[in-house]
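Engineer: First the structure, which I've put down as structure tokens, then a few questions once you've had a look.
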Ligand code: HPA
């Protein structure tokens, strides 16, 4: 047990999928894992461990935003020995060419700040995905009908953003989408020698203001979970 995770040692797999939403953790575990078992419910942040094609997998909610994700990822890596961590979540598209329902594989994650900011001081550290996971996820996505983009994203501290000028600069520089967790996940993975990736489904569009209706979310989110699982266990 840790401060925020009630699982016993050994109940968390080396491969962990991290949706922000604990209910999505339950849905993904019940839909994609064999014999999913509830291993954490501290603060309602549900975590499940089961197997996928015989491989042990944990699906643990991370909460919203980098401070919340940072707590879970620190404990998963340092106390439970997690080695491969893949965020599965939603994002808002920032480019015309990226549409609602598309998948975005985050090669890099720009930020204004992360909970790790204090370590780096004047250095602008560049959080990036693990190449083996990123390339395997791109291959897994190719064999599906879902349109997939690979590139830089923005990890924001705010959902209700008051800096349209900053979004403009990011659009100019090719940032594909915005979410709120990947940069800290990538930074922690780099620090502890783990593999990390963010596989994201576009749930809304910052330019067109289109949003994925809730009844269509499951199918799109399902593609993302399967891409993440195939990437985690590809040769
Ligand atoms: N902003 C930040 N995070 C998000 C968004 C957004 O528009 N959509 C999904 N996650």
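The values are calculated or read from the model by the stated rules, or taken from the named source; none is laboratory data. On a predicted model such as this, the values are computed, not experimentally measured, just so you know. FYI the Cβ positions are ideal-geometry reconstructions off the backbone, even for glycines, and counts take in every protein chain you see.
Engineer: Could you give me the residue pairs with C-beta distances under 8 Å whose first residue belongs to segment 173-195 and is assigned to a strand (DSSP E or B), whose second residue is more than 16 Å from the ligand (Cβ to nearest atom) wherever it lies, and which are 6+ apart or on separate chains?
Structural biologist: 195/83; 195/84; 195/85; 195/130; 195/132; 195/133; 195/189
Engineer: Check whether at least one residue in segment 131-139 is within 16 Å of the ligand (Cβ to nearest atom), modelled with pLDDT of 95 or more, surrounded by 20 or more Cβ atoms within 10 Å (Cβ to Cβ) and closer than 13 Å to residue 198 by Cα, and report yes or no. So that I can check it myself, show each step before the final result.
Structural biologist: Keep residues of segment 131-139 that are within 16 Å of the ligand (Cβ to nearest atom), which gives none.
No, because not a single residue in segment 131-139 is within 16 Å of the ligand (Cβ to nearest atom), modelled with pLDDT of 95 or more, surrounded by 20 or more Cβ atoms within 10 Å (Cβ to Cβ) and closer than 13 Å to residue 198 by Cα.
Engineer: Given the options 89, 20, 63, name the one that is under 16 Å from the mean Cα position of the chain (by Cα), farther than 27 Å from residue 138 by Cβ and within 16 Å of the ligand (Cβ to nearest atom). Steps first, please.
Structural biologist: Details: 89 fails: farther than 27 Å from residue 138 by Cβ; 20 fails: farther than 27 Å from residue 138 by Cβ.
Being under 16 Å from the mean Cα position of the chain (by Cα), farther than 27 Å from residue 138 by Cβ and within 16 Å of the ligand (Cβ to nearest atom) holds for just one of 89, 20, 63, which is 63.
Engineer: Against the conditions (1) part of a loop (DSSP other than H, G, I, E, B); (2) within 12 Å of the ligand (Cβ to nearest atom); (3) in contact with a helix residue (DSSP H, G or I) (Cβ under 9 Å, 6 or more places away or on another chain), where does residue 144 fall short? Just the number, please.
Structural biologist: (2) is the only condition that residue 144 fails.
Engineer: Considering every residue within segment 207-229, establish whether at least one is part of a strand (DSSP E or B) and either away from the ligand (no atom under 16 Å from the Cβ) or surrounded by 18 or more Cβ atoms within 10 Å (Cβ to Cβ) (or both).
Structural biologist: Taking segment 207-229 and keeping what is part of a strand (DSSP E or B), we get 211.
Still in the running and either away from the ligand (no atom under 16 Å from the Cβ) or surrounded by 18 or more Cβ atoms within 10 Å (Cβ to Cβ) (or both): none.
No.
Engineer: Scan segment 147-160 residue by residue and report those that are more than 18 Å from residue 126 (Cα to Cα) and more than 16 Å from the ligand (Cβ to nearest atom).
Structural biologist: First pass over segment 147-160, keeping only residues more than 18 Å from residue 126 (Cα to Cα): 147-149, 158-160.
Residues satisfying the conditions are 147, 148.
Engineer: Report the residue count in segment 161-179 for those that are in contact with a helix residue (DSSP H, G or I) (Cβ under 9 Å, 6 or more places away or on another chain) and either at pLDDT below 95 or more than 16 Å from the ligand (Cβ to nearest atom) (or both). Explain how you work it out, then say what you get.
Structural biologist: Restricting attention to segment 161-179, the residues satisfying the condition of being in contact with a helix residue (DSSP H, G or I) (Cβ under 9 Å, 6 or more places away or on another chain) are 161, 175, 178.
Remaining after also requiring either at pLDDT below 95 or more than 16 Å from the ligand (Cβ to nearest atom) (or both): 161.
Residues meeting the conditions: 1.
Engineer: Does residue 158 count as closer than 21 Å to residue 204 by Cβ, touching a residue at least 24 places away in the same chain (Cβ under 8 Å), out of contact with any helix residue (DSSP H, G or I) (no Cβ under 9 Å at 6 or more places or on another chain) and assigned to a loop (DSSP other than H, G, I, E, B)? Before the answer, list the steps.
Structural biologist: Details: closer than 21 Å to residue 204 by Cβ: yes; touching a residue at least 24 places away in the same chain (Cβ under 8 Å): no; out of contact with any helix residue (DSSP H, G or I) (no Cβ under 9 Å at 6 or more places or on another chain): yes; assigned to a loop (DSSP other than H, G, I, E, B): yes.
For residue 158, the condition - closer than 21 Å to residue 204 by Cβ, touching a residue at least 24 places away in the same chain (Cβ under 8 Å), out of contact with any helix residue (DSSP H, G or I) (no Cβ under 9 Å at 6 or more places or on another chain) and assigned to a loop (DSSP other than H, G, I, E, B) - is not met.
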